[in-house]
1. Exactly which trypsin sites (Lys or Arg not before Pro) in segment 1-87 are in a DSSP loop and have at most 16 other Cβ atoms within 10 Å?
2. 222 nm [θ] for the chain, helices only, -39500 (n - 2.57) per DSSP H run of 4+, per residue, to 500?
3. Using a Cα-Cα cut-off of under 20 Å, which lysines could be cross-linked to residue 30, ignoring same-chain neighbours fewer than 8 residues away?
4. I'd like the orientation of helix 16-49 relative to the chain: the angle between its Cα long axis and the longest Cα principal axis, in ° from 0 to 90, rounded to 10.
5. Report the rotationally averaged projected area of segment 3-50 based on its alpha-carbon convex hull, in square nanometres.
6. For segment 66-71, what does the Karplus curve 6.51 cos²θ - 1.76 cosθ + 1.60, with θ = phi - 60°, yield as ³J(HN,Hα) per residue in whole Hz, taken in order and with x for Gly and Pro?
7. How much FRET efficiency would the formula 1/(1 + (r/R0)^6) give for residue 60 and residue 33, where r is the Cβ-Cβ distance and R0 is 35 Å, rounded to 0.05?
8. Counting pairs of Cα atoms in the chain, how many percent are more than 21 Å apart?
Amino acid sequence: MSTKEQLLKEIEQSPDYLIEEVLNFLLFVKLRLKQKITTNTNLETHSIQENSILEMIDEITQDIPESELEQLPTDFSKNLDHYLYGLPKVEE
């Protein structure tokens, strides 16, 4: 006797309230399985498509002329004391 046949036999002999509980449980398990498969699929496709942060920065900065990049500060913490404590800005 297969599992399905055995389950059907048990269902025939069970009261309605128990059948309802079993049905709810079965639907719950199927939903959880579907969500798990969907989540795994999303994680796999997301990790494949995702670039590293350095690659993203390279893509963004590739169109900026070198002369513009040279004008940017090399140390963004240079005036940290000015922003935190109100001290005068350090001049270059």
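1. Values: sites: 4, 9, 30, 32, 34, 36, 78; in loops: 78.
Answer in residue order: 78.
2. Details: 5 runs with 66 residues, N = 92.
Computed mean residue ellipticity for the chain: -23000 deg cm²/dmol.
3. Within the straight-line cut-off, residue 30 pairs with 4.
4. 30 degrees
5. Numbers: hull surface 16.2 nm².
So the Cα hull casts an average projection of 4.0 nm².
6. Once θ is set to phi - 60°, the couplings for segment 66-71 become 4, 5, 5, 5, 5, 7 Hz.
7. Numbers: r = 41 Å, r/R0 = 1.16.
The calculated FRET efficiency here is 0.30.
8. Values: 2913 of 4186 pairs.
More than 21 Å apart: 70 percent of the Cα pairs in the chain.
Every number in this text was worked out from the coordinates using simple rules, so none of it is lab data. Quick caveat: nothing in here was measured; it's all calculated off a predicted structure. Positions of Cβ are generated from backbone atoms using ideal geometry, with glycine treated the same way; all protein chains shown enter the neighbour counts.
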